[in-house]
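Let me begin by presenting the structure, written as structure tokens, before commenting on it.
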Amino acid sequence: MLNLPTYDDVVAASRRIQGHAHRTPVLRSATANQMLGAEVFFKCENFQRMGAFKFRGAYNALAQFTAAQRKAGALAFSSGNHAQAVALSARLLGMPSVILMPTDAPAAKLDATRGYGAEVILFDRYTQDREALAAQIAAARGMTLIPPFNHADVMAGQGTAAMELLQDVGELDLMLVPLGGGGLLSGTALATRALSPHCQIYGVEPQAGNDAQQSLRKGEIVHIDTPVTLADGAQTQHLGPLTFAVIQRDVTDILTATDDQLVQAMRFFAERMKMVVEPTGCLGFAAACHAGLDLKAKRVGVILSGGNVDLARYAGLLSA
Ligand SMILES: *Cc1c(COP(=O)(O)O)cnc(C)c1O
């Protein structure tokens with residue numbers, strides 16, 4: 001039996017992160033409402049600390065470490081937002097952190113992670129097995145490994161974004177959520193099933209990497225090769241057993257969005273709402289615009305999961 005997190009864990013997480021994570025704004029756009037014939041509520045995690053919702057889950061996990069765990073610190077492997085979330089959470093909680101990053105990670109990401117106070121250990125992604133390396137470092141230093149999505153405390157922490165959204169705007173008809181490994185979607189599902197029981201919940205993943213959609217259809221976790229997509233926060237190869245169990249139980253369906261649709265949504269946010277949303281963060285809105293859902297007169301929640309995108313890359317995508 002899997003020990004799945006519950007809505008009570010989301011409530012506990014929201015207390016733990018209070019005063020540490022931002023309560024991000026819910027923004028609206030008359031243009032978006034008009035385009036979709038719906039009432040759309042954007043939960044802006046692009047304005048979260050370190051630029052993405054991942055701070056919520058990482059902080060919730062690290063805040064529950066025992067004294068001995070705190071002394072040795074936290075370990076993560078990631079080249080993306082989870083790395084920075086663990087590094088920043090560790091610093092705020094006064095514990096050391098080690099982040100394993102590939103030697104070819106962008107210099108800006110290495111610097112940002114070090115800037116949050118983490119020790120960065122580089123590995124060669126072609127010749128070294130990062131999971132084996134992580135296990136070895138965790139054992140040698142007594143550190144606690146925090147995975148990016150398949151972890152009850154991480155999932156519960158991610159659920160606090162949807163919880164805040166529903167507290168702020170009331171019940172919704174649909175919720176659209178970017179999907180990689182499923183931490184955000186499963187946490188969102190826990191909060192939404194409790195606070196807006198009739199709400200349809202959709203995960204949205206890149207079309208090039210629709211492993212979760214395949215998994216839901218097949219009834220078991222499907223593994224794929226690392227997908228080629230602009231949505232670098234959703235390049236996961238498979239769901240985890242915990243996230244899959246919650247998604248299978250609570251989520252309405254999984255939709256996909258193409259890279260072109262993500263760029264179109266990114267441009268919409270820049271032009272109309274004056275904000276930077278990274279490609280992965282655009283998955284929910286891209287599906288609202290293109291997935292053929294019936295949104296007429298519906299109240300629709302869209303989670304904008306992050307805003308971390310290299311500026312030169314951003315400019316290139318918008319001007320192309
Ligand atoms: C990690 C991430 C996702 C995917 O979250 P999962 O919990 O892995 O499904 C989506 N958007 C952004 C910006 C992310 O950093």
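Please treat every number below as a calculation from the coordinates, not as lab data. Just so you know, these numbers come straight off a predicted model, no measurement behind them. A quick note on method: Cβ atoms are made from the backbone with ideal geometry, for glycine too, and the neighbour counts reach across all protein chains shown.
This ranking places VAL10, VAL204 by how few other beta-carbon atoms lie within 10 Å of each, fewest first, which gives VAL10, VAL204.
Relative to the first principal axis of the alpha-carbon coordinates of the chain, what is the inclination of helix 241-250, with its axis defined by its Cα atoms, in degrees from 0 to 90 and to the nearest 10? Long axis of 241-250 versus the principal axis of the chain: about 20 degrees. Dividing the mean sequence gap of close Cα pairs (under 8 Å, 6+ apart) by how many residues the chain holds gives a relative contact order of 22 percent. Evaluated on region 86-239, the Kirkwood hydrodynamic radius is 17.5 Å, with distances taken between all distinct Cα atoms. Assuming a viscosity of 1.002 mPa s and a temperature of 20 °C, what translational diffusion coefficient in µm² per second does Stokes-Einstein assign to region 1-89, Rh being the Kirkwood radius over Cα pairs? Reported coefficient: 141 µm²/s.
Couplings 3J(HN,Hα) for region 222-230, derived from phi with the Karplus relation 6.51 cos²θ - 1.76 cosθ + 1.60 (θ = phi - 60°), are 9, 9, 10, 6, 4, x, 8, 7, 5 Hz, where x marks Gly and Pro. Considering only DSSP states other than H, G, I, E and B, which trypsin sites (Lys or Arg not before Pro) in region 70-150 qualify as loop sites with at most 16 other Cβ atoms within 10 Å? Answer by residue number: ARG125. Between the helical axis of 81-92 and the dominant principal axis of the chain, each derived from Cα atoms, what acute angle in degrees is found, rounded to the nearest 10? Approximately 60 degrees, to the nearest ten. In the chain, excluding the sites themselves, the longest stretch lacking any of the GluC sites (Glu not before Pro) that are in a DSSP loop with at most 15 other Cβ atoms within 10 Å is 1-170. Principal axis extents of the C-alpha atoms in region 164-291 (largest first, rounded to whole Å): 40, 39, 20.
With a Förster radius of 41 Å applied to the beta-carbon distance between GLU131 and ALA297, the computed FRET efficiency rounds to 0.30. Counted over all Cα-Cα pairs of region 90-130, pairs farther apart than 13 Å make up 53 percent. Cross-link reach is defined here as a Cα-Cα straight distance under 20 Å, omitting same-chain residues fewer than 8 places apart; for LYS71 the aspartates and glutamates meeting it are GLU119, ASP153.
Restricting the calculation to alpha carbons of the chain gives Rg and Dmax of 18.4, 57 angstrom. In straight-distance terms, cross-link reach from LYS296 covers every one of the aspartates and glutamates whose alpha-carbon lies under 16 Å from its own, apart from those fewer than eight places away in the same chain; here that gives GLU39, ASP173.
Straight Cα distances below 20 angstrom link LYS54 to the lysines LYS43, LYS109, with same-chain residues fewer than 8 positions distant left out.
SER319 sits among other residues whose Cβ lies under 13 Å from its own Cβ, and their net charge, with Lys and Arg +1 and Asp and Glu -1, is +1. Summed over qualifying helices (DSSP H, 4 residues or more, each -39500 (n - 2.57)) and divided by its residue number, the chain shows a 222 nm mean residue ellipticity of -13500 deg cm²/dmol. Among LEU185, LEU262, LEU100, the largest mean-square fluctuation in a Gaussian network model of the chain, built with springs joining Cα atoms closer than 10 Å, belongs to LEU100.
Across region 278-285, computed HN-Hα scalar couplings (Karplus, 6.51 cos²θ - 1.76 cosθ + 1.60, θ = phi - 60°) run 6, x, 4, x, 8, 4, x, 6 Hz from first to last residue, x flagging Gly and Pro. Listed by Cβ neighbour count within 10 Å, with the fewest neighbours leading, SER14, SER97 appear as SER14, SER97. Checking every one of the trypsin sites (Lys or Arg not before Pro) in region 199-281 against DSSP loop status and a limit of 13 other Cβ atoms within 10 Å picks out LYS274. Distance between the modelled labels on MET35 and LYS274, one decimal in nanometres: 1.8 nm (7 Å Cα→Cβ projection).
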